[in-house]
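Working notes, structure below.
The values are calculated or read from the model by the stated rules, or taken from the named source; none is laboratory data. Nothing here was measured: the structure is a model prediction, and the numbers come from that model. Every residue, glycine as well, gets a Cβ built from its backbone with ideal geometry; the counts of neighbours run over all protein chains shown.
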Amino acid sequence: MQLVEGEREEILACVKEVLGNNSKTRENLIPILQQVQKKLGYLPALAMEKIAEGVSVPAVDIYGLTTFYNQFRLNPPGKHQVKVCLGTACYMVGGDITLESFERRMEIKEGETSPDRRYSLDRVACVGCCTLAPVVVVDDQVEGKVTPTRVDGIMLALEENGESPGEQKSGTEEDGNNGEN
Ligand code: FES
């Protein structure tokens with residue numbers, strides 16, 4: 001993904017700081033990657049290249065690690081982060097169809113961020129609201145019973161207002177069945 005203005009400098013400074021605070025050994029790769037991700041919100045390719053140089057390991061080893069462990073995020077978080085639950089209860093009532101609906105609407109795949117960084121889409125395990133399945137977390141707001149129709153409503157709210165549906169004062173959801181009191 002293309003870097004935004006000033007991001008290159010931010011990445012270089014972050015990697016330099018983290019490498020300065022850790023011994024540059026292969027054994028420390030995971031903590032180094034974790035610290036960089038914590039600061040930047042994700043692991044840009046440039047950061048991985050610089051870490052590889054700093055620790056003197058092939059860049060391919062870093063890519064291997066970050067793709068093996070799903071704790072690592074290779075795309076920047078979007079302004080709006082949509083997380084679709086694919087835990088058992090949600091999956092059983094169509095969570096995968098909900099995810100596909102978001103993928104179509106956002107024109108990205110699960111795990112990706114839209115080129116303008118407006119949206120990121122991820123799958124998550126059970127978020128503890130199984131009675132509301134299928135569940136989606138839009139930014140920090142839990143949305144329940146998210147059928148493809150509700151996906152349209154959620155996306156419209158995000159597109160038109162730039163807000164998560166739960167942030168709106170006057171509801172625009174047609175079925176009012178989103179688990180809010
Ligand atoms: S399985 Fe989705 S909230 Fe529990």
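For the reader, a short list of remarks on this structure follows.
- Considering region 125-141, the residues that are among the β-branched types (V, I, T) and more than 7 Å from the ligand (Cβ to nearest atom) include one that is nearest to K79 (Cα to Cα), namely V138.
- Test result for I30, more than 26 Å from E110 (Cα to Cα), part of a helix (DSSP H, G or I) and touching a residue at least 24 places away in the same chain (Cβ under 8 Å): no
- Here N177 meets each of (1) modelled with pLDDT of 90 or more; (2) within 16 Å of the ligand (Cβ to nearest atom) with one exception, condition (1).
- Screening T88 with (1) of a type in the set (S, T, Y); (2) within 16 Å of the ligand (Cβ to nearest atom); (3) more than 30 Å from T149 (Cβ to Cβ) gives one miss only, at (3).
- Within the option set Q71, Q81, being away from the ligand (no atom under 16 Å from the Cβ) and surrounded by fewer than 16 Cβ atoms within 10 Å (Cβ to Cβ) holds for one residue only, Q71.
- Note on region 104-117: residues that are closer than 21 Å to T149 by Cα and surrounded by fewer than 16 Cβ atoms within 10 Å (Cβ to Cβ) total 3.
- Test result for K50, basic (K, R) and at pLDDT below 95: no
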